[in-house]
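Comments concern the structure below.
The values are calculated or read from the model by the stated rules, or taken from the named source; none is laboratory data. Treat the numbers as computed from the prediction; the structure is a model and nothing was measured. Every residue, glycine as well, gets a Cβ built from its backbone with ideal geometry; the counts of neighbours run over all protein chains shown. Ligands, DNA and RNA are excluded from the accessible area calculation, which covers all protein heavy atoms including side chains. Shrake-Rupley method; radii C 1.70, N 1.55, O 1.52, S 1.80 Å.
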Amino acid sequence: MSDQQVEIPRNEVILKKSEDVLEQYGKSLVGKTILVTGVSNESIAGELAIQLATADPKLLILTARTESRASSIIARIKETKPDVAVRFLDLELSDLSSIRKAVDTDLADITTIDHVVFTAGVMACPYGVTKDGFEMQFCVNYLANFLLTKLLLPKVQSAGPSSSMIVVASSAVRQGVINFDDIGYSNGSTYDSFTAYCQSNVARVMFAKSLGNKLKHQGIRVFSIDPGSVTTGLQQHMDEDLQKKVAAMFQNGFIMDVDGRPWQPQQRATRSQGAANMITGMIDPTISDHNGAYLSKSLLADDELHRHVLEEENWTRLWELSEKLIQEPFPV
Ligand SMILES: NC(=O)c1ccc[n+]([C@@H]2O[C@H](COP(=O)([O-])OP(=O)(O)OC[C@H]3O[C@@H](n4cnc5c(N)ncnc54)[C@H](OP(=O)(O)O)[C@@H]3O)[C@@H](O)[C@H]2O)c1
């Protein structure tokens, strides 16, 4: 393996903290309405919500499956930033009817949302299907966001240029492809939990690319981001078998991506460093000309993506498949 093939420089980047990004650009968040999904007590989104509150937005809409999962975050914001309004939104991403109800009914009075951060997700869970019959990780990590984006877009468009829709993904995008001919792994008979996690992250990144392209003329920022390696509730399905499988992917400290390029997973990050990537996507003006790009370590990182992800035909194919699955067109 030659030194040139290995992406050492980016691995030496000092990770930004949320506080750093907010100090630089946080003024643009004053008075804004921000919706964040996946806010539970130990999640990166929970930290993101606490960090965003320090920038004096008007309203934070925080989603979780049950209010108790977000209660300590909400209590902390109310205590430290009493002037920031917080609204809890009940959202179950494995049920498309819950998504429609959340937007059509519970958010009916909110006409403008400046920033949406799609953070909720699940990693490498045992095979499961959603209420609507979709493979769990594909739906929760991706398809739910496709529908949510469609439903929320008019509110974001109402906020105008410099609003944003941020799709949280993962460096697992480097190990996956979309299994277009069998998106649900033959009803589970060919399911592999890590492969399905990678597929869902490829979908997230491709979706951000399509959406970013479609919305760039409106000045609506769209980025997919890898928050880095943060200890959270996400690792709950990482049992011994899965750890062994992931360990077996390494060769001398490197993993080969889908195109056979070696890369080195990141060092551990704190929740604040993980959330910094999302805040960068939301407001860092220096990346505005790269709508739809993938960010890692708060930097533009499309060079980390393999050919299947970068192939525009695949973005279109995914968009059309998603419209078919949610049984609604999503013209932009
Ligand atoms: N942590 C990392 O190292 C890492 C690395 C790369 C990418 N990511 C990505 O970062 C995002 C945030 O992960 P995290 O590390 O903060 O994990 P986390 O602590 O497990 O948070 C994930 C959140 O998603 C919610 N969620 C899961 N299934 C849901 C469903 N069906 N409907 C609604 N909400 C659901 C969880 O709710 P419950 O609390 O109710 O389960 C939780 O609030 C994920 O999308 C993940 O893919 C994380």
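Summary table below
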quantity	calculated
Answer from Asp284, Asp259, Asp239 - the residue that is without any contact (Cβ under 8 Å) to a residue 12 or more places away in the chain, more than 14 Å from the ligand (Cβ to nearest atom) and surrounded by fewer than 24 Cβ atoms within 10 Å (Cβ to Cβ)	Asp239
Residue match in segment 315-332 (condition: open to solvent by less than 40 Å² (accessible area, probe 1.4 Å), assigned to a loop (DSSP other than H, G, I, E, B) and farther than 23 Å from Phe146 by Cα)	no
Where Tyr127 falls short, out of the listed (1) within 13 Å of the ligand (Cβ to nearest atom); (2) in contact with a Gly (Cβ under 6 Å, 6 or more places away or on another chain); (3) assigned to a loop (DSSP other than H, G, I, E, B); (4) not aliphatic (A, V, I, L, M)	(1)
Count - residues of segment 33-64 that are in a loop (DSSP other than H, G, I, E, B), within 16 Å of the ligand (Cβ to nearest atom) and modelled with pLDDT of 95 or more	4
Verdict on Ile113 being surrounded by 17 or more Cβ atoms within 10 Å (Cβ to Cβ) and over 19 Å from the mean Cα position of the chain (by Cα)	no
Any hit, segment 207-230, residues being open to solvent by less than 30 Å² (accessible area, probe 1.4 Å), within 12 Å of the ligand (Cβ to nearest atom), β-branched (Val, Ile, Thr) and farther than 20 Å from Asp289 by Cα	yes
Odd one out for Ala108, checked against (1) of a type in the set (A, V, I, L, M, F, W, C); (2) in a loop (DSSP other than H, G, I, E, B); (3) surrounded by 15 or more Cβ atoms within 10 Å (Cβ to Cβ)	(3)
From Phe223, Phe207, Phe194, residue being in contact with a Leu (Cβ under 8 Å, 6 or more places away or on another chain) and over 22 Å from Ile283 (Cβ atoms)	Phe194
Sole exception among (1) over 30 Å from Ser98 (Cβ atoms); (2) at pLDDT below 95; (3) within 16 Å of the ligand (Cβ to nearest atom); (4) open to solvent by 50 Å² or more (accessible area, probe 1.4 Å) for Ala247, by number	(3)
Residue in segment 291-303 that is open to solvent by less than 70 Å² (accessible area, probe 1.4 Å), over 21 Å from Ser18 (Cα atoms) and assigned to a helix (DSSP H, G or I) present	yes
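Every residue, every condition in (1) under 13 Å from Thr37 (Cα atoms); (2) within 12 Å of the ligand (Cβ to nearest atom); (3) touching a residue at least 60 places away in the same chain (Cβ under 8 Å), yes or no:
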| site | (1), (2), (3) |
| --- | --- |
| Leu96 | no, yes, yes |
| Val122 | yes, yes, yes |
| Leu151 | no, no, no |
| Gln157 | no, no, yes |
| Ser162 | no, no, yes |
| Val167 | yes, yes, no |
| Asp182 | no, no, no |
| Tyr185 | no, no, no |
